[in-house]
Amino acid sequence: MDFLSLVLIAVGLAMDAFAVSICKGLAMKRPGPKAIIVVGLWFGFFQALMPLIGYYLGSSFYDYISDYDHWIAFILLAAIGLNMIREALSGEEDGVDDSIGFRTMLVLAVATSIDALAVGISLAMTGDDIVSSALLIGIVTFLISAVGVKIGSVFGDRFGQKAELVGGVILIIIGLRIVLEHLGFL
């Protein structure tokens, strides 16, 4: 997978964390640098960890599904993208408080990174280097989440749903690209 596609996947995956980070920033009102870094580290770490786990799970049964790997990658990315779009359009808001304690952040980080587990499985199907991919996903998520906290504290929660919608569309487009490349159209 080319670098641009991987960056777009990272941005798409980071949108859930971005939306929650905006809510955190809104709840905190005036977050200091420590709070911004803590939120970014939690989300970035788990967004990097989950693709690693997914990759090794996917690699363990790759021989059984290699003839269908492009379809599996497409279905996983499309399902994640459609779910993100559905959540963005539902208008439901997740209640987020200003806590950055261990338990609170662990739950939020795991919840926002489950999609990255499925992307890790997809990356196993494409044979990409998982370590650099996971590192890039983690760094992008860290940066986007840190910015999200600051945006939330300044602008409120106007961007959360739009960010999740854009992230879902990006993941669907990348899934389509994988299938189209495999079928020889790109």
Inset, instruction - Please list, ordered by first then second residue, the pairs with beta carbon atoms under 8 Å, 6 or more apart or interchain, first in region 16-34 and in contact (Cβ under 8 Å) with a residue 60 or more places away in the chain, second in a helix (DSSP H, G or I) and among the basic types (Lys, Arg). - result: 25/150; 31/24; 31/150
Inset, instruction - Might you let me know whether region 13-26 holds any residue that is open to solvent by 50 Å² or more (accessible area, probe 1.4 Å), out of contact with any strand residue (DSSP E or B) (no Cβ under 7 Å at 6 or more places or on another chain) and either of a type in the set (Val, Ile, Thr) or farther than 22 Å from residue 131 by Cβ (or both)? - result: yes
Inset, instruction - Looking only at region 53-67, decide whether some residue is in a helix (DSSP H, G or I), surrounded by fewer than 18 Cβ atoms within 10 Å (Cβ to Cβ), modelled with pLDDT of 85 or more and of a type in the set (A, V, I, L, M, F, W, C). - result: yes
Legend entry - So residue 74, is it open to solvent by 30 Å² or more (accessible area, probe 1.4 Å), among the hydrophobic types (A, V, I, L, M, F, W, C) and within 24 Å of residue 182 (Cα to Cα): yes
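Identify all residues within region 9-52 that are under 25 Å from residue 172 (Cβ atoms) and at pLDDT below 85; write none if there are none. Spell out the reasoning first.
Step one: of region 9-52, the residues under 25 Å from residue 172 (Cβ atoms) are 9-23, 43-44, 46-52.
Across region 9-52, the qualifying residues are 16, 19, 20, 22, 23.
The values are calculated or read from the model by the stated rules, or taken from the named source; none is laboratory data. A quick note: this is a predicted structure, and the numbers were derived from the prediction, not measured. When we count neighbours, we look across all protein chains shown, and the Cβ atoms used for this are built from the backbone with ideal geometry, even at glycine. In case anyone asks, the SASA skips ligands and DNA or RNA and just uses the protein heavy atoms, side chains included. Shrake-Rupley method; radii C 1.70, N 1.55, O 1.52, S 1.80 Å.
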